[in-house]
1. Find how many whole Å separate the alpha carbon centroid of segment 1-15 from the alpha carbon centroid of segment 366-406.
2. How much mean residue ellipticity at 222 nm does the chain get from its helices, if each DSSP H run of length 4 or more adds -39500 (n - 2.57) and you divide by all residues, to the nearest 500 deg cm²/dmol?
3. Where is the GNM fluctuation largest for the chain (alpha-carbon springs, 10 angstrom cutoff): ARG248, ARG332, ARG194?
4. With all protein chains present and a 1.4 Å probe, how do ASP364, ASP310 order by accessible area, largest first?
5. Would you mind calculating the relative contact order of segment 90-134 from Cα pairs under 8 angstrom and at least 6 residues apart, reporting the percent as a whole number?
6. For the chain, which whole percent of the accessible surface, found with a 1.4 angstrom probe, sits on carbon and sulfur atoms?
7. Using θ = phi - 60° and the Karplus form 6.51 cos²θ - 1.76 cosθ + 1.60, what ³J(HN,Hα) does each residue of segment 410-418 get, whole Hz, x for Gly and Pro?
8. Of GLN123, GLN286, GLN187, which is the most mobile in a GNM of the chain whose springs link Cα atoms less than 10 angstrom apart?
Amino acid sequence: MYALVDCNSFYASCERVFDPRLACRPVVVLSNNDGCVVAASREAKALGIAIGVPFFRIRQLARKHGIAVRSSNYTLYADMSQRVMTILARFAPEMEIYSIDEAFLELRGLRCDLGEYARTIRQTVLRWTGIPVSIGVAPTKTLAKVAGHLAKQSAHSGGVWVLADPARQEEVLASLAPQDIWGIGRQLAGRLSRAGIHTALQLRDADDTWIRKILSVTGQRTVLELRGVSCLPMELVAPASQTIVRSRSFGQPVTTVEQIEEAVSMHVARAAEKLREQHLLAGVLQVYLMTNRFRTDQRQYSNAASARIDPPGDDTGVLLACALPALRRIFREGFLYNKAGVMLADLTPRRNMQPGLFDNFDRDRSRRLMSVMDRINARMGEETLRYASSGFARRWRMKRQHSSPCFTTRWDQLPVARCC
């Protein structure tokens, strides 16, 4: 048996933990530069606010209904996610972190009422973190996804839904469309609809040969999962990244190469940290920049340049030495730039590194230096130590006019309790 634990309206819930005034109030969280809605509480969705809608379109609606608006605070969300995942790990021998707000638990071998056990998990997470979760329990991960959806949507489930009974599984699958099933996208659902399959139950009972032809081996695994045959093993270790991308839109249009260099330097430093966290080396670095393609009243320009890192490395200084000359090759005067970023590719595990015959790079010194920087930044806050090329004033910094404090990761922003 598997349990899917899904945090309810996670970003909005994180904001509510440290601001009790938001408890029953609609809440929306905005994307970088406060552009679009990326998360909304149930109360906000009930007002018709869709994910992805530009904020300026709902500004009047927000004022009318007293909707709380917050800028995205990913530092807070990542820390709260880690706390939730640490608690969940206490309840199962194996756990797969599926996303920032979802995790699979394997409940094999438990001799207890799984519904009560799931409710205990839910109550513990809520009590220890303040984050509400929904839990779906089923014999396969795909059915657990279905059960998790039912637990979140049903007002009578108490946040827990156990989908173990085959008869109950048939009843539920008959009420769902194929696109409601994990792994079946809109394009595949359209193909199934043209073939006369309009419910998840019909998909489950379809002929194996036909399914393999229409949906390939991956789709056949999904069908077997709907039949109660577990085909998707737990991924206990996150797969290594194929690429690492870091980018942000500017808070205001940028015209000078010096300001773009600051942004690119910051992105390179953060991407290099990710490399070292995953014990990877990068062989290729790409820098790109672009204007705002949605502004039809402005001249448009975008370009990218790549540089080979030979030998592959994870040293921030080495990556900067490749990135900044590449940026200057593609920068053009006279444009209002909206975004810049970097991508690291051709990633290989550090243990596979083979130095060249004439390679004289001091890797021991580099490893010690990067290790010291990472430890200090992890303990004292990001960018406590930084390369000077990433700048200090940063007039291009993205807009965060509605940002909440980093309640759990900065000493100067810890919540304070006061006597009334």
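The values are calculated or read from the model by the stated rules, or taken from the named source; none is laboratory data. What you are looking at is a predicted structure, and each value in this text was computed from that prediction instead of being measured. A quick note on method: Cβ atoms are made from the backbone with ideal geometry, for glycine too, and the neighbour counts reach across all protein chains shown. Side chains included, ligands, DNA and RNA excluded: accessible areas come from the protein's heavy atoms. Shrake-Rupley method; radii C 1.70, N 1.55, O 1.52, S 1.80 Å.
1. So the two Cα centres are separated by 29 Å.
2. Details: 13 runs with 164 residues, N = 420.
That comes out to -12500 deg cm²/dmol.
3. Between ARG248, ARG332, ARG194, it is ARG194 that shows the largest mean-square fluctuation.
4. Correct descending sequence by accessible area is ASP310, ASP364.
5. Details: 27 pairs, mean separation 10.4, N = 45.
Relative contact order, segment 90-134: 23 percent.
6. Carbon-and-sulfur percentage of accessible area, whole number: 52.
7. Each residue of segment 410-418 in turn: 10, 4, 7, 10, 4, x, 10, 9, 10 Hz.
8. GLN187
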